[in-house]
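The values are calculated or read from the model by the stated rules, or taken from the named source; none is laboratory data. Everything numeric in this text was worked out from a predicted model, so none of it was measured. With ideal geometry, Cβ positions are generated from the backbone for all residues, glycine too; neighbour counts draw on all protein chains shown. Just the protein is used for accessible areas: all its heavy atoms, side chains included, with ligands, DNA and RNA removed. Shrake-Rupley method; radii C 1.70, N 1.55, O 1.52, S 1.80 Å.
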Amino acid sequence: MTLTDTTEVARSSAENMHYMPAQLTIPYTLTPGQATGIFIAELVNKRLLGSRHGDEIIVPAQDFSGSTGEPASGFVEVAPVGEVQAFTTNAKGTLGLVLIDGTTTPFLHKLVGFEPGSLEIGTRVAAIWSESPTGNSVLDLAGFGPIGEAGTFEPKSDPEGLAEPIEQIDYTMTLDFKHAYGAYYGTLFDGVETGRRIRGSKCSKCRRVLLPPRAVCDSCFAPATEWADVADTGTIQASSVVHIEFLGQRKQPPYVYAEIVLDGASTRLIHIVGDVDAERAKTAAAPGARVRAVWSDQHTGSLGDIEHFELIEE
Amino acid sequence: MTQVAIVGTGQTVHARRRTDVSQAGLAREAVVEALNDAGLTMDDIDSIVVASGPAMFGSVNQPEKWLVDALGARYKPVVRVTSGGGTGLAGALAAVNQIKGGSARRVLVVAYDKLSEGPLQANISTLYDPFWGREFAVGIMGFSAAYWHARMKRLGHTEEAAAMVSVKNRHNSMLNPKAHVKREVTVEEVLASRPLCWPIKILDVPPISDGACAVILAADADAEAITPTPAWIHGISYVGEADNAPDRSMLQSEPLQIAAMKVYKEAGITNPFRQFDVAELQEPYTCFELSYYEGLGFCPEGGAAELIASGETTMEGSLPVNPSGGCMGANPIGATALIRLAEVAMQVTGKAGAHQVKGAQRGVAQAGGGWANLRGVAVVGAEKR
Ligand SMILES: [Zn+2]
């Protein structure tokens, strides 16, 4: 069978194997720096702090001026009121640029509590403080709303009794991806899912088999024009014994990380060698050792359909 | 032919966690030091190259936007370069090319990472193909340990030999004011230390660091006008290869061999072990330094264990490797390659202070990105060629 033929197979299977959903959830501990750290810490005190850089006053307070790169010469306390310079609305709410009285750079935040159609460029607004502040989020200032009775004052230089800067803000980034299989991975993983069949593509020039399959040989740059079946047995090319624990780990350590060249292929596959004692693995699962795939009960169409590899003891 | 030189360098005080500065503040600290070293201000800089690790490390995409403000560099040309542990060298190459191409005369390269902010190995695993290996990857550690294991058998890169790298580099760190890990170890302690991903043990592994480095580059008369001691770049190259090409043993790094060959030809190096006075090699784990000895031609293939055991790469030897302590003293990944380059520049201009190699005139910096498939080499000398 040539690649052109199987591309058709892949395309028909693309109906149900179009893409692989993947989610990355990554926890962070961010460092806001001195000025922004103090700005956030002061929100629970319902104080809005800016930084002074020559004639500029920037809110939220910044360590450095964007105009000159110079460090701030000090802090100012500003009135928590200002004027809307721009805004945009979608189904989730309204965001606006608010120029706080006495400052030179607008502050991007939520605009809340306005009747539809009542918000205009130039509308005066006042801070709305969170009813349940956390002490480490800009959302301790919930946003800006109608000004009501709120008054203003000139920026006050060098306010007394500033809070210690927040040093660390916990943050989690969750990213959803849809990775397209394409014709090559689609055909490979269709075969893996339904028939436990592993196939690579064969280079038209050097005749070596590339797994995962691809259109062009990385060594010859010649087209890989045929499919070739690859065994579910192979040889360890490189291996290490994993003891560390880390986020997203698939198996409880210790286990063996292995780069395996399957019989009939010329490229490597990354997997795990299971059911082997950590100390014995140093020699038994060393480079050169023979292994066999242990298929899982799951049929997901991925490398995870192989539970792990086991040593072929001779 | 235009000759580009390093005319100023700066580094932060590296640390496991810098809670006193933001990411942008960290980068700025190195830039201020480099500008002071060169006697320049931001007004003198024509173009900026920001070099940092994968965006995942610090959760900030396009961090160059933040940095421009903190550096006072608005309205200047700015690009970001990223290439894992080789990022700094790739950034320096971009700067050299800007100068040689005539688009800028004085270029600032600033490289940084604030690794305390995210889960490192998990983020490194996102370098892998999501279909092919990511779910079983152990950051760069599983891979590195696996190929060290393969080299043990074939090239004799024993656990003892690698332990000697740890002993040497940690010893050298003691005299580097910028290093934040200062603890001497013995070969026995390294061998007995806790396995993380055997054969890699915890004392084979550098720290996880927050840190930044900045370097200013200029050519010919511009360089000579800025400093009486430019560190001339005799050659610089950065080479990549296919990730999973057929029949690739990875016992040697082919990109490293190709990069070294190109740079040595440019720089007139025919016997690297004799012609270099100093080397700064990025060693994310001890086993890498052994592999680089062979890739850079300091010794024949399979000769690295003998070379480290000979003591010739210690401060007292004929080719001191990593007088700064290398990554063992500090390892902010995005900055680490530029630190290697800056350290060689400091060495050949006599500015390395307590860890100065006496009379060093010519040195080599080496670093790489991805897990094995991107490698950079630079030769730097006191003499203009
Ligand atoms: Zn081929």
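Need the failing condition index for A:Ala41 against (1) open to solvent by 20 Å² or more (accessible area, probe 1.4 Å); (2) more than 15 Å from A:Thr105 (Cβ to Cβ); (3) not in a loop (DSSP other than H, G, I, E, B), just the number.
(1) is the only condition that A:Ala41 fails.
Just to be sure, is A:Glu310 of a type in the set (Asp, Glu) and either open to solvent by less than 30 Å² (accessible area, probe 1.4 Å) or within 30 Å of A:Cys203 (Cα to Cα) (or both)?
yes
To keep it simple, each residue is scored yes or no on (1) over 22 Å from the mean Cα position of the chain (by Cα); (2) over 18 Å from B:Leu338 (Cα atoms).
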{"residue": "B:Val7", "(1), (2)": "no, no"}
{"residue": "B:Arg18", "(1), (2)": "no, yes"}
{"residue": "B:Ala30", "(1), (2)": "no, no"}
{"residue": "B:Val50", "(1), (2)": "no, no"}
{"residue": "B:Asn61", "(1), (2)": "yes, yes"}
{"residue": "B:Ala70", "(1), (2)": "yes, yes"}
{"residue": "B:Arg74", "(1), (2)": "yes, yes"}
{"residue": "B:Ala94", "(1), (2)": "no, no"}
{"residue": "B:Asn97", "(1), (2)": "no, no"}
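In the set A:Asp229, A:Asp170, A:Asp190, which member is outside any loop (DSSP other than H, G, I, E, B), of a type outside the set (Lys, Arg), in contact with a Pro (Cβ under 8 Å, 6 or more places away or on another chain) and more than 16 Å from the ligand (Cβ to nearest atom)? Steps first, please.
Working: A:Asp229 fails: in contact with a Pro (Cβ under 8 Å, 6 or more places away or on another chain); A:Asp190 fails: in contact with a Pro (Cβ under 8 Å, 6 or more places away or on another chain).
On inspection, the qualifying residue turns out to be A:Asp170.
Going by what's in this entry, would A:Thr300 be described as open to solvent by 30 Å² or more (accessible area, probe 1.4 Å), among the hydroxyl-bearing types (Ser, Thr, Tyr) and in contact with a helix residue (DSSP H, G or I) (Cβ under 8 Å, 6 or more places away or on another chain)? Working first, answer last.
Details: open to solvent by 30 Å² or more (accessible area, probe 1.4 Å): yes; among the hydroxyl-bearing types (Ser, Thr, Tyr): yes; in contact with a helix residue (DSSP H, G or I) (Cβ under 8 Å, 6 or more places away or on another chain): yes.
When the stated conditions are applied, A:Thr300 passes them.
Restricting to region A:211-226, give me the number of residues that are open to solvent by less than 50 Å² (accessible area, probe 1.4 Å) and either touching a residue at least 60 places away in the same chain (Cβ under 8 Å) or more than 8 Å from the ligand (Cβ to nearest atom) (or both). Steps first, answer last, please.
Initial filter on region A:211-226 (open to solvent by less than 50 Å² (accessible area, probe 1.4 Å)): A:211-215, A:217-218, A:220, A:222, A:224.
Pick out the ones that are also either touching a residue at least 60 places away in the same chain (Cβ under 8 Å) or more than 8 Å from the ligand (Cβ to nearest atom) (or both) and you get A:211-215, A:224.
Of the residues in that region, 6 qualify.
Restricting to region B:106-138, name every residue that is within 7 Å of chain A (Cβ to nearest Cβ) and assigned to a loop (DSSP other than H, G, I, E, B).
B:Gly118, B:Pro119, B:Thr126, B:Pro130, B:Phe131, B:Trp132, B:Gly133, B:Ala137
Please go through region A:136-159 and pick out each residue that is open to solvent by 50 Å² or more (accessible area, probe 1.4 Å) and touching a helix residue (DSSP H, G or I) at 6+ places or on another chain (Cβ under 8 Å).
The answer is A:Asn136, A:Val138.
Which residue is nearest to B:Lys76 (Cα to Cα), if the candidates are limited to region B:32-58 and must be facing chain A (nearest Cβ under 9 Å) and crowded, with 21+ Cβ neighbours inside 10 Å?
Only one residue fits best here, namely B:Gly58.
Counting just the residues of region A:279-292 that are outside any loop (DSSP other than H, G, I, E, B) and open to solvent by less than 10 Å² (accessible area, probe 1.4 Å), which one comes out farthest from the other protein chains (Cβ to nearest Cβ)? Spell out how you get there, then give the answer.
Step one: list which residues in region A:279-292 are outside any loop (DSSP other than H, G, I, E, B), which gives A:279-284, A:290-292.
Next, only the ones that are open to solvent by less than 10 Å² (accessible area, probe 1.4 Å) stay: A:281, A:291.
Working: A:Ala281: 8, A:Val291: 14 Å.
Checked region A:279-292; the qualifying residue farthest from the other protein chains (Cβ to nearest Cβ) is A:Val291.
Any idea which of (1) crowded, with 16+ Cβ neighbours inside 10 Å; (2) more than 15 Å from the ligand (Cβ to nearest atom) is the one A:Ala265 doesn't satisfy?
Of everything listed in (1) crowded, with 16+ Cβ neighbours inside 10 Å; (2) more than 15 Å from the ligand (Cβ to nearest atom), A:Ala265 misses just condition (2).
Scan region B:67-103 for residues that are part of a helix (DSSP H, G or I), under 25 Å from A:Gly66 (Cα atoms) and open to solvent by 40 Å² or more (accessible area, probe 1.4 Å) and jot them down.
Once the filter is applied, which keeps residues that are part of a helix (DSSP H, G or I), under 25 Å from A:Gly66 (Cα atoms) and open to solvent by 40 Å² or more (accessible area, probe 1.4 Å), region B:67-103 yields only B:Asp69.
What are the residues in region A:193-210 that are buried (at least 16 other Cβ atoms within 10 Å of the Cβ) and more than 16 Å from the ligand (Cβ to nearest atom), if any?
A:Glu193, A:Ile198, A:Arg199
Considering region B:139-170 alone, what residues qualify as being within 23 Å of the chain's Cα centre (by Cα), more than 9 Å from every other protein chain (Cβ to nearest Cβ) and not charged (D, E, K, R)?
Within region B:139-170, B:Ile140, B:His157, B:Ala161, B:Ala162, B:Ala163, B:Met164, B:Val165, B:Ser166, B:Val167, B:Asn169 qualify.
Pairs needed: first member in region A:184-210, facing another protein chain (nearest Cβ under 10 Å); second member anywhere, more than 16 Å from the ligand (Cβ to nearest atom) and of a type in the set (Phe, Trp, Tyr); C-beta distance under 7 Å; at least 6 residues apart or different chains.
What qualifies is A:Tyr185/B:Phe131; A:Phe189/A:Tyr181.
Which of the numbered conditions does A:Gly234 fail, given that it passes all the others? Conditions: (1) within 16 Å of the ligand (Cβ to nearest atom); (2) touching a residue at least 40 places away in the same chain (Cβ under 8 Å).
Against the list (1) within 16 Å of the ligand (Cβ to nearest atom); (2) touching a residue at least 40 places away in the same chain (Cβ under 8 Å), A:Gly234 comes up short only on (1).
Take the residues in region B:297-335 that are part of a loop (DSSP other than H, G, I, E, B) and in contact with a Leu (Cβ under 7 Å, 6 or more places away or on another chain), then tell me which one is most open to solvent (accessible area, probe 1.4 Å).
Going through the qualifying residues, I end up with B:Glu301.
Do we have A:Ala126 as touching a strand residue (DSSP E or B) at 6+ places or on another chain (Cβ under 6 Å), in a loop (DSSP other than H, G, I, E, B) and more than 16 Å from the ligand (Cβ to nearest atom) here?
Working: touching a strand residue (DSSP E or B) at 6+ places or on another chain (Cβ under 6 Å): yes; in a loop (DSSP other than H, G, I, E, B): no; more than 16 Å from the ligand (Cβ to nearest atom): yes.
No: the conditions fail for A:Ala126.
So how many residues does region B:340-361 have that are closer than 12 Å to B:Cys213 by Cβ and open to solvent by 10 Å² or more (accessible area, probe 1.4 Å)?
Going through region B:340-361 one residue at a time, the tally reaches 1.
Give all pairs with beta carbons closer than 7 Å in which a residue from region B:135-163 that is in contact (Cβ under 8 Å) with a residue 60 or more places away in the chain meets a residue that is basic (Lys, Arg); count only pairs at least 6 apart in sequence or on separate chains.
Note: pairs meeting the criteria are B:His157/B:Arg151.
Determine, yes or no, whether A:Ala238 is of a type outside the set (Ser, Thr, Tyr), open to solvent by less than 40 Å² (accessible area, probe 1.4 Å) and farther than 30 Å from A:Thr174 by Cα.
Working: of a type outside the set (Ser, Thr, Tyr): yes; open to solvent by less than 40 Å² (accessible area, probe 1.4 Å): yes; farther than 30 Å from A:Thr174 by Cα: yes.
Against the criterion (of a type outside the set (Ser, Thr, Tyr), open to solvent by less than 40 Å² (accessible area, probe 1.4 Å) and farther than 30 Å from A:Thr174 by Cα), A:Ala238 qualifies.
Checking the conditions here, which among B:Glu159, B:Glu135, B:Glu241 is acidic (Asp, Glu), more than 21 Å from B:Gly85 (Cα to Cα), open to solvent by 10 Å² or more (accessible area, probe 1.4 Å) and modelled with pLDDT under 95?
Details: B:Glu159 fails: modelled with pLDDT under 95; B:Glu241 fails: more than 21 Å from B:Gly85 (Cα to Cα).
Just one listed residue meets the conditions, B:Glu135.
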